[in-house]
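Let me begin by presenting the structure, written as structure tokens, before commenting on it.
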């Protein structure tokens, strides 16, 4: 019955000081390395100095709002969640909402109002969802920024007409030094919502509202995110978040290393950065799993500080691939597996594309890169059929034909995923016989 006599596989009691230190290390690890959630504490945020300055400049200008966009996995939500801190705005006046496929203008800004402690009643009649207040709103009551944000218990009630209007929102927010952040706006497919959001942005800009609006989402261009609204060209600043530099990615590793009071040995940090291909998600994923493997040293009582060396790196990389976004492993398997086993031809084509530093890869370069693995360069035309298949539904559309003779990974994060598979094959089965060029770019 005594808890202290419970045993784990390592035969340690729950009150064992080694296990307490181990669990405390894991908790700190999950603060520093967060592949599955945005960074919400400023001390763990790395890089993006130029983009932070752009936010300061643009949102400091009267009448200016911001659209923050870029590829998925580059850290847009982390920057957006900490924007209040970098811009020195009150966290309590920062309202963060996340869109869904079914989101409309009214549902988005009803959530914003709820975050601000406003209970909305349309035509004087409260809906069931609104009547529950802070305790029953679910996501509505917890849309604050960061782990320290308190759920509001008191709501002030306003009565509206048929829906939420720009005038109503201006009345609520214009005089507060706040932020309204609408994340994953790319998921909104309702064209009327895009039109009404454009109108809202213009109203806030024309009124020189002190509360600023940030739209955040996955997109290559501004029009891809918000639609064709030329009237916003002066009031809406565009900030594109590109992939991180090697220096910025290395900062993530070293900040985590310092927080954990661990040692990342030799070239391990450079190798992790080389695999990440500019995506902080990948650095966080590999570092988290390598650190979890290294934590076993605390249970064994080995040394004064946890060390992440070759073995921890390899085991961590293996675990990272197992725990990466399931869509990556599923699409890769669908792309390469034929009759229940991987096809060498499909695998080599994908590896040949992953080896290139260019996002749009020419067929002749794929051929040269394939020779890196086989020692023999195939004729470019000999794998055209494979390229066509890999660009089809049958092979999960893992590739996209950009133009004649050029292909790219449809999902940008597929390239670091494939590179990680190549690295694991190299260190586990080939004894590091391959010298990948992208692994020589670490800092």
#### Entry: Residue ID - surrounded by the most Cβ atoms within 10 Å (Cβ to Cβ), chosen from residues in segment 379-410 that are in contact with a helix residue (DSSP H, G or I) (Cβ under 7 Å, 6 or more places away or on another chain) and either in the same structural domain as residue 73 (by TED's automatic domain parsing) or in a strand (DSSP E or B) (or both)
399
### Task
Scan segment 16-29 for residues that are part of a helix (DSSP H, G or I) and out of contact with any helix residue (DSSP H, G or I) (no Cβ under 7 Å at 6 or more places or on another chain) and report the count.
5
### Summary
Residues in segment 354-371 that are in a helix (DSSP H, G or I) and touching a helix residue (DSSP H, G or I) at 6+ places or on another chain (Cβ under 7 Å) total 7
### Message
I want to confirm something. Restricting to segment 210-234 and keeping residues that are in contact (Cβ under 8 Å) with a residue 60 or more places away in the chain and within 21 Å of residue 116 (Cβ to Cβ), which single residue is surrounded by the most Cβ atoms within 10 Å (Cβ to Cβ)?
### Response
216
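Here is a yes/no grid of residues against (1) closer than 30 Å to residue 288 by Cα; (2) touching a strand residue (DSSP E or B) at 6+ places or on another chain (Cβ under 7 Å); (3) in the same structural domain as residue 306 (by TED's automatic domain parsing); (4) in contact (Cβ under 8 Å) with a residue 24 or more places away in the chain:
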residue	(1), (2), (3), (4)
181	yes, yes, no, yes
190	no, no, no, yes
193	no, no, no, yes
251	yes, no, yes, yes
### Query
Where in segment 193-288 are there helices (runs of 4 or more DSSP H), lying fully within it, with 2 or more residues that are closer than 30 Å to residue 317 by Cβ and in contact with a helix residue (DSSP H, G or I) (Cβ under 7 Å, 6 or more places away or on another chain)?
246-260, 268-276
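The values are calculated or read from the model by the stated rules, or taken from the named source; none is laboratory data. Keep in mind that what you see is a predicted model, and the values were worked out from it rather than measured. Every residue, glycine among them, receives a Cβ derived from its backbone with ideal geometry; neighbour counts consider all protein chains shown.
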